[in-house]
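Structure first, commentary second.
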């Protein structure tokens with residue numbers, strides 16, 4: 001990352017940008033046009049504007065058809081905004097992954113013991129399409145210098161590979177999946193993902209999920225299915241484990257037992273944050289730092305966005321257990337409900353991860369009837385990076 005790439009005399013315009021929390025840095029505008037990898041980092045360590053953009057979409061493959069249809073239906077809004085950037089479409093890489101990293105020993109339905117999709121790019125035809133349009137051997141969308149690696153419209157190719165379905169593991173690990181996909185965990189990225197991440201390109205990560213992150217370290221016991229009762233160390237095998245061992249609300253884990261032992265009990269919690277070192281999940285700070293370490297100038301080169309639920313309200317209710325037990329089982333209620341019926345639980349960890357990127361991170365509601373304004377906003381923020389400054 002420290003070697004200059006494509007240094008040209010045309011880099012003449014200087015722009016001072018205040019990076020969130022990191023003071024002002026000097027950027028040089030790349031005025032060379034649409035082709036090639038002209039931006040990057042000079043030998044003197046200064047950052048150079050570029051038209052190269054790597055975009056990774058993490059799509060929860062348990063989120064259901066409403067969320068995915070909303071994304072796919074409005075994706076052309078995102079692309080139209082990028083096409084309208086001065087100089088035309090940037091030099092794009094676009095890839096899709098899911099939230100499925102498996103869970104446990106394979107005894108949990110839809111969760112295998114071998115890492116699920118393991119952060120691998122999804123590139124095969126899905127849903128109602130019979131061919132993705134990608135060139136043979138291609139595992140992500142590329143359009144660099146106006147040369148595509150696909151036939152037809154980019155929007156159609158994306159819709160074909162991003163229709164990931166809803167049969168994934170219910171213990172979603174979107175943050176760890178992103179880290180794994182990009183090889184930010186110190187290991188080589190999956191074979192399918194090689195060649196996607198360009199060192200000097202901007203990186204945009206978009207998370208689309210209706211549940212919070214449940215990323216765990218290797219060898220975690222969180223998904224153990226040996227003990228499944230309220231009195232067992234981990235409690236029932238349900239998504240509530242991710243809440244109980246992943247969140248702190250006013251300094252305490254969400255309660256497992258109903259205060260009065262009744263299915264009618266309701267507890268509203270405040271001040272909910274990631275448990276970080278006090279829980280069983282991988283700290284959000286670790287997952288953010290791993291992504292930031294991919295770039296020499298993370299505050300200038302990385303943008304992230306989440307289409308998820310807000311972190312509040314955070315309400316715990318109880319239900320009758322499906323097995324004989326000593327009391328009702330807990331669950332967290334939706335933090336938002338869309339007019340189309342979309343339900344989404346508080347995305348405490350996801351939103352905290354986004355916030356770790358300061359002004360270069362933005363959270364949007366997954367319960368919006370249309371994601372068109374959301375995708376337009378994400379594209380506008382990216383446009384501000386790619387577009388040359390005005391005299």
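Any read-out appearing in this document is the output of simple, stated calculations on the displayed coordinates, not a laboratory observation. Nothing here was measured: the structure is a model prediction, and the numbers come from that model. As a convention, Cβ positions derive from the backbone with ideal geometry for all residues, glycine included, and neighbour counts pool all protein chains shown.
For n ≥ 4 DSSP H runs only, could you compute -39500 (n - 2.57) per run for the chain, divide by its residues and tell me the 222 nm figure to the nearest 500?
On the way: 8 runs with 76 residues, N = 391.
Per the formula, -5500 deg cm²/dmol.
Given R₀ = 25 Å, FRET efficiency for residue 278-residue 312 by Cβ-Cβ distance, to 0.05? Please report the intermediate quantities before stating the final value.
Details: r = 20 Å, r/R0 = 0.79.
Approximately 0.80, to the nearest 0.05.
Rounded if a/c is under 1.5, else prolate if a/b beats b/c, else oblate: with a ≥ b ≥ c from the C-alpha gyration tensor eigenvalues square-rooted, which is segment 42-105? Taking the square roots of the gyration eigenvalues as a ≥ b ≥ c, segment 42-105 is oblate.
Model label points for residue 231 and residue 126, set 7 angstrom from Cα along the Cα-to-Cβ axis, are 4.3 nm apart. Note on residue 262/residue 69: beta-carbon distance plugged into 1/(1 + (r/R0)^6) with R0 of 22 Å gives a FRET efficiency of 0.05. Values of log10 I(q)/I(0) for segment 209-318 across q = 0.11, 0.15, 0.22 Å⁻¹ run -0.43, -0.76, -1.35, by the Debye formula with one identical scatterer at each alpha carbon and no solvent. Using 0.36 nm per residue and subtracting the Cα-Cα separation, the extra length available between residue 83 and residue 296 on full extension is 73.9 nm. Using equal-weight Cα scatterers in the Debye expression, the normalised intensity of segment 269-335 in log10 at q = 0.22, 0.23, 0.28 Å⁻¹ is -1.08, -1.10, -1.16. Can you tell me which of 230, 101, 248 moves the most in a GNM of the chain? Springs connect C-alpha atoms under 10 Å apart. Of 230, 101, 248, the Gaussian network model singles out 230 as fluctuating most.
Were the residues from residue 325 through residue 109 laid out at 0.36 nm apart, the gain over their Cα-Cα distance would be 75.6 nm.
From the Cα trace of segment 264-391, what convex hull volume per residue do you get, rounded to a whole Å³? Let's see the in-between values first.
Numbers: hull volume 19.0 nm³, N = 128.
Taking the convex hull of the Cα positions in segment 264-391, it is 148 Å³ per residue.
P(r) tail for segment 128-253: Cα pairs beyond 21 Å make up 58% of the total. Note on the chain: with a GNM built from Cα contacts shorter than 10 Å, the maximum mean-square fluctuation among 263, 77, 144 falls on 263. Spherically averaged projected area of the convex hull of Cα atoms, the chain: 19.6 nm².
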